[in-house]
């Protein structure tokens, strides 16, 4: 505990006397200093108790003189005064007590037999004991965190223990590796988290919210941030608490990097398991995953294919992979740059997942493990629409099938036929861009100007690209039949999705 005036006057051997019990006596003291200067304000720090014998006050000093002196030292950080009686004055001047009391500052009378150094030594001993207490607390807290780190709870347990030791709450943002260990104010804190992540550099900051202070610290390397750790406490963290937080940040970074390395190392295995599942080798796939403690959902399932955002594909992929960790109802594999998810019905909140990580997701109808190939084809088609849509991040096969005859007739065979028919264009260096331009042009009913504006091209440039596709395919696009055929081919194969000029 920091020394206070209340605790000081209780030290009987010092013989101190509090002159106005109505003043603030529980203000923590940072130091005890003595001075008889006319203006000692340059030499005091915040939360100082100032001792004086009063030699700076003339015998004819007025109340205004005392008021001015007290206001000056209080403005510099003095929170308590001590007057040495019997040196220049037999007693503490009433004017000094009145001036201090008007500001709520306590005045303590120090008797002749008690040297100022004795008062300062008592305060120094209290401050030293407080420092030792904080050192002991730091050791206990770091020991508790270390025990949690080597236990079975992993990073989740470490963050929970950190919150307990700091008397606050801890949240790990920007990753699914840990849970929320207490409610942190949204809005201002979330905005600061987003700012730190956008900045992309190692950094820390502090945000003051009603009734609390939130300390933020990024996790990960400068070129690969893994998230932001936020710690909400009633007051700003002191040096000891920051030392514990620093050790937890190091543990969290090591744990997250280790988890990422483990997930990346398992990707080829999960891709092979996915191939077995789609090929109908369900029992073989189960035997492999069961041996490493990974589950494959039984009963009704859905297939979801997700396309990660171009600007942060690794982070989004890792977040979805962590989603399946330790869950028997969700299986995730990375296949050809897309994230394949096999999950029990309603096991994953796909819209929330898409919003959190910038994903585009296509979802199949509910099926069973014996009919995964058809469900994958449905999810492929839905993903093609989701990726080309500016509004819908998650598209279901059910919504497509309800949308018309073309969608209902679509099949895996149709996709193969469309891919074969469009192969000559796709093989060109700018093939994907050409097909994307055609898709946008057809979406604008073959009208050149709005389609060109959407693509950021001049209409003559768009005409040239459409004409190139027309020539390569040998498909006349100046009439309805040719345009309808190209549209059906693009719909079937999902060509050009997410590509093209910006």
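Classify the stretch 411-493 as rounded, prolate or oblate, taking a ≥ b ≥ c as the square roots of the eigenvalues of its Cα gyration tensor: rounded when a/c is under 1.5, otherwise prolate if a/b is larger than b/c and oblate if not.
Prolate, since a/c reaches 1.5 and a/b exceeds b/c.
Given the peptides 31-39, 82-90, arrange them by the average over their residues of other C-beta atoms within 10 Å, most packed first.
82-90, 31-39
Which whole-number percent is the relative contact order of the stretch 295-408 (Cα, under 8 Å, 6+ apart)?
Normalised by residue count, the contact order of the stretch 295-408 is 30 percent.
For the stretch 5-125, what does the convex hull of the Cα positions come to per residue, in cubic angstrom?
89
Calculate how steeply helix 63-75 sits against the longest principal axis of the alpha-carbon atoms of the chain, using the helix alpha-carbon long axis, and give the answer as 0 to 90 degrees to the nearest 10.
Relative to the chain, helix 63-75 is tipped by roughly 30 degrees.
Could you tell me the convex hull volume per residue, in Å³, taken over the Cα atoms of the chain? Write down the numbers at each step before the final one.
Working: hull volume 102.7 nm³, N = 502.
Value for the chain: 205 Å³ per residue.
Based on DSSP, what percent of beta bridges with both residues in the chain are antiparallel, to the nearest 5?
Here the share of antiparallel DSSP bridges comes out near 70 percent.
Any idea what angle helix 412-426 forms with the longest principal axis of the chain, computed on alpha-carbon atoms, 0 to 90 degrees, nearest 10?
For 412-426 against the chain, the angle is about 90 degrees.
Mind ordering 101-114, 370-383, 202-215 by average Cβ neighbours within 10 Å, highest first?
Highest mean packing first, the order is 370-383, 101-114, 202-215.
With no solvent and one point on each alpha carbon, what is the Debye value of log10 I(q)/I(0) for the stretch 295-408 at q = 0.18 Å⁻¹?
-0.84
Express the C-alpha Rg of the stretch 273-331 as a ratio against the empirical globular expectation 2.2 N^0.38 Å, rounded to two decimals.
1.24
The numbers here are math on the coordinates, done by the rules we state, and not lab data. What you see is a predicted model, and the numbers here were worked out from it, not measured in a lab. Please note: Cβ atoms are built from the backbone with ideal geometry, for glycine as well, and neighbour counts cover all protein chains shown.
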